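The values are calculated or read from the model by the stated rules, or taken from the named source; none is laboratory data. In this text, all values refer to a predicted model and were calculated from it rather than measured experimentally. Here the Cβ positions follow ideal geometry from the backbone for every residue, glycine too, while neighbour counts run over all protein chains shown.
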Amino acid sequence: MWLKGAHLQQLRTDWITVDGLDATRTAGSLLRGSLHTPVLLLGVTFGGFNLIDPWKIQKLCKAPVVVVVGSRPNNRAVKRALFKHFPDWGKRWELIRSLGSLHKVRTMPNEGPVFFERFGCSTREARSILKASAFVSRMPEPLRLASVLARGLFSSEPSD
C-alpha cells in the first residue's frame, strides 16, 4: 500500500501461508520495482508465525525498512511458542534474534510511544519517518490503514 500524504495511491495484495515460510518472498514480489520508499512493516510476523526478513527486504528494495510494533514484544513468550509449535523453531527464532535493538519514539504528543527496529537507515532517520507518517494516531498511517483493510478483508467483524 502506498500513500501520498493522506491519500491512498496504490494497494497490492497477495496470499501467504498461515505459519508458513513464504512471507518474505511474497513481500519481495509485491515490492519489486517499487519506487515507494521507505518500507514500513507492522512487526515481522504475519499469518501467525510466517516471518518477513527485513534484512532481505531492505537489500531487495535498496531502501530503508522500519519495523514498527505498538508495544515491546515478549521475546521469552515468542521463543516458547515457537519451540512448542514448530519443528523448525530455531530457524524462525534466529530471524527474530537478528533484528537488533528496539528503539522507541513518541509520534503523537498525547499518546504513548511506538517501538521500532530499523534497517538501512539511522535511528534518527527512522524516527523522522515515523513522526512524519503518523497523523491520525501514534501508529504511522500506512500501517494503521493496512491493519484496518486486513481486518476488513479477513474478518466478518466490523473494523474500528
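The residue list Met108, Met139 contains one member that is hydrophobic (A, V, I, L, M, F, W, C) and without any contact (Cβ under 8 Å) to a residue 40 or more places away in the chain, which is Met108. The residues of region 87-102 that are crowded, with 16+ Cβ neighbours inside 10 Å and either more than 18 Å from the chain's Cα centre (by Cα) or in a loop (DSSP other than H, G, I, E, B) (or both), listed by number, are Trp89, Leu99.
The residues on offer are Val78, Val114, and the sole one that is hydrophobic (A, V, I, L, M, F, W, C) and in contact with a strand residue (DSSP E or B) (Cβ under 8 Å, 6 or more places away or on another chain) is Val114. Residues that are among the hydroxyl-bearing types (Ser, Thr, Tyr), farther than 18 Å from Arg72 by Cα and surrounded by 12 or more Cβ atoms within 10 Å (Cβ to Cβ) are absent from region 106-125 altogether.
Restricting region 126-136 to residues that are within 13 Å of Pro64 (Cα to Cα) and in contact (Cβ under 8 Å) with a residue 24 or more places away in the chain, the residue that is surrounded by the fewest Cβ atoms within 10 Å (Cβ to Cβ) is Arg127. In region 45-62, the condition of being assigned to a strand (DSSP E or B), touching a helix residue (DSSP H, G or I) at 6+ places or on another chain (Cβ under 8 Å) and within 11 Å of Gly120 (Cβ to Cβ) is met by no residue. Residues in region 18-40 that are in contact (Cβ under 8 Å) with a residue 40 or more places away in the chain and closer than 17 Å to Ser133 by Cβ: Pro38, Leu40. Restrict the check to region 107-130 and report whether at least one residue is over 23 Å from Thr24 (Cα atoms), in a loop (DSSP other than H, G, I, E, B), among the basic types (Lys, Arg) and at pLDDT 95 or above. No: zero hits. Could we say that Gly112 is among the small types (Gly, Ala, Ser), over 16 Å from the mean Cα position of the chain (by Cα) and within 19 Å of Leu130 (Cα to Cα) here? It is true that Gly112 is among the small types (Gly, Ala, Ser), over 16 Å from the mean Cα position of the chain (by Cα) and within 19 Å of Leu130 (Cα to Cα).
Scanning region 63-86 for residues that are farther than 19 Å from Leu130 by Cα and either outside any loop (DSSP other than H, G, I, E, B) or of a type in the set (Asp, Glu) (or both) turns up Asn75, Arg76, Ala77, Val78, Lys79, Arg80, Ala81, Leu82, Phe83, Lys84, His85.
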